[in-house]
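One structure is given here, and the rest of the page talks about it.
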Amino acid sequence: MSNLMDKIVSLAKRRGFIYPGSEIYGGLAGTWDYGPLGVELKNNIRKAFWQSIVYERKDVVGFDAAILMNPKVWEASGHVQAFTDPLVECKICHQRLRADQEDEIKDHEKSHKGQKVTWTERKKFNLLVEAKLGVVEDERTKVYLRGEITQGVHVNFKNILDSTRLSIPFGIAQIGKAFRNEITPGNFTFRSREFEQMELQYYVRSEESESKKWYEYWKQQRMDWYVNLGMTRKKLRFRQHEESERAHYARDAWDIEYDSPFGWKEFEGIHNRGDWDLSRHQKHSGVDLTYFDQESNKHYLPWIIETSGGVDRAALFFLIDAYTEESTRSEPGSRSYSEPGSEDSAKRIVLKLHPKLAPYKVAVFPLLANKPDLVQKARSVYQLLTTNYQLLPVAWDDRGNIGKRYYSQDEIGTPYCVTIDFQTLDDDTVTIRDRDTTKQERVKIEELTDILESRLQR
Ligand code: ATP
């Protein structure tokens, strides 16, 4: 892994974003656990997705399907048959790799140094994770943990139509876990065996031109969403799938890719699924899934434009994109708040996360922990801030010196730090310190909540 990835992995563990799954038992490949800060980051990603896709629109509703579904769903959707990746096996060490992952194949060849690597023919391997359901051993039914969250939506298409007043075009959004028997999990959380997806299934009239129009619309919407949440635009690009790499259901497929330390990588796919899913479920279930269009007085199966992103991959790329190392001395106009000569006076690590994504919105510090007046006053400011929903969660820190506390908050992306000092006791003012500029300003406590709230809205 690159140097930057090493730093991200170590920061994630040290500060409580992401830990290896089941670590005390030696781990379980391809699984990750999210710590106190990681869960906030993921929640914030989910919230921002829901806000833009469901709450800010009239044409999209939310949904949450069961992870376990009747196995017929996966036969109908083509996953039992087609959810297979061609694999090749290294004839020297017998490690299997996906035949379409050229970079990993090259890296593997390099790892054998002087030896010439030859590979077996491509073989297919089913990615669906199997489970057994039922209490009596012999009668247990084989089920699958869903390989994508998509199908839960399509099999409920009729239910949702019947219980809402939606008319085409409309969408159904969902966020939830999916599971894949990935052959080569790796690059930290990038490729895991258990991961979370955030998706929109948008149903449109079954016409080429109509589907193209919505396809372009959703491609742009989703790109804008990442950019508006602070991702560096030049590190993002669209890439169209070649016909040979398209999933079995896709009429057209583009990925949003990020220029990561391990190459340009997909973290969201936008697919034109045509009427693949509805027609297959209609055929396999025998239930009429057509939509009745009152204007044209016709029944038809709508086409589906899908946007399918990964919550974990987004979290990882937001972390990578936000990670910054700065020399504190070169900051124009900044105050030096570190002890001269201390190691952190030369460099600070800052996660420049968008305030909407930052795990903590604000941190509150008493200047000195051993002055009861200061601590009591700081506690009251802390209480005040925690009554405002927009500012939650608020961090509290009274350890060490103030410079170290600022650095500690910088490293986890807290946008603002509020310090209660001796002047506070005289005139009820506090300082607000800005994570990105490190500038401090003094404001009245009575105005603090409004000021912070308006800055966090940016
Ligand atoms: P890849 O080619 O990287 O395996 P995919 O094309 O199979 O991905 P999709 O089936 O389109 O991925 O899934 C949609 C999104 O779900 C991906 O863009 C990604 O963000 C997320 N995702 C898919 N597989 C994984 C995984 N193994 N680990 C983490 N996230 C994943």
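Data for the structure
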quantity	calculated
Electrostatic dipole magnitude of the chain [Cβ: Lys, Arg +1; Asp, Glu -1; Cα centre; debye, to 20]	520
Projected area averaged over orientations for the stretch 345-456, convex hull of C-alpha atoms, nm²	6.4
Radius 11 Å from Cβ of S52, net charge of other residues (Lys, Arg +1; Asp, Glu -1)	+2
Candidate lysines - alpha carbon under 23 Å from K212, same-chain residues fewer than 8 apart omitted	K58, K298
Under-5 Å amide H pairs with I18, H placed in peptide plane, nonlocal only	K13, G35
The stretch 364-430: relative contact order in percent, alpha carbon pairs under 8 Å with at least 6 residues between	42
Rg/Rh for the chain, where both radii come from Cα atoms and Rh is the Kirkwood radius	1.03
Amide H partners (placed H, <5 Å) of G62, local residues excluded	A173
Tilt relative to the chain, helix 445-456 - C-alpha long axis, 0 to 90 degrees, to 10	30
Beta bridges by DSSP in the stretch 345-456, antiparallel share as percent, to the nearest 5	55
For I412, residues with placed amide H under 5 Å, excluding near neighbours	L351
Contact order relative to length of the chain, as percent, for alpha carbon pairs under 8 angstrom and 6 or more apart	12
Cβ crowding within 10 Å averaged over residues, with 365-378, 114-127 ranked highest first	365-378, 114-127
Degrees, to the nearest 10: 36-50 long Cα axis against longest axis of the chain	60
Calculated from backbone phi, Karplus (6.51, -1.76, 1.60) coupling profile of the stretch 156-170 in Hz, x at Gly/Pro	9, 3, 5, 3, 5, 4, 5, 9, 10, 10, 6, 10, 5, x, 8
In Hz, Karplus ³J(HN,Hα) per residue of the stretch 9-23 (6.51, -1.76, 1.60; θ = phi - 60°; x = Gly, Pro)	4, 6, 4, 4, 6, 4, 9, x, 8, 9, 10, x, x, 6, 4
Those lysines that a straight Cα-Cα span of less than 23 Å connects to K439, excepting residues fewer than 8 apart in one chain	K347, K352, K356, K361, K377, K404
Phi to ³J(HN,Hα) by Karplus 6.51 cos²θ - 1.76 cosθ + 1.60 over the stretch 208-221, Hz, x for Gly, Pro	4, 5, 5, 5, 5, 4, 5, 4, 4, 4, 6, 4, 5, 4
Across K42/K132; K47/K265; K213/K234; K213/K235; K132/K283, pairs whose alpha-carbon gap is larger than 28 Å	K42/K132
Crossing angle, helix 276-285 versus the chain [Cα axis fit, 0-90 degrees, rounded to tens]	60
Förster radius 35 Å - calculated FRET efficiency between V227 and D64 (Cβ-Cβ, nearest 0.05)	0.80
Between the stretch 114-146 and the stretch 3-81, the Cα center-to-center distance that results, in Å	22
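None of the figures in this text is laboratory data; all of them are computed from the coordinates on show. Here the structure is a predicted model, which is why all the values come from computation and not from measurement. Because the Cβ atoms are built from the backbone with ideal geometry, glycine has one as well, and the counts that use them run over all protein chains shown.
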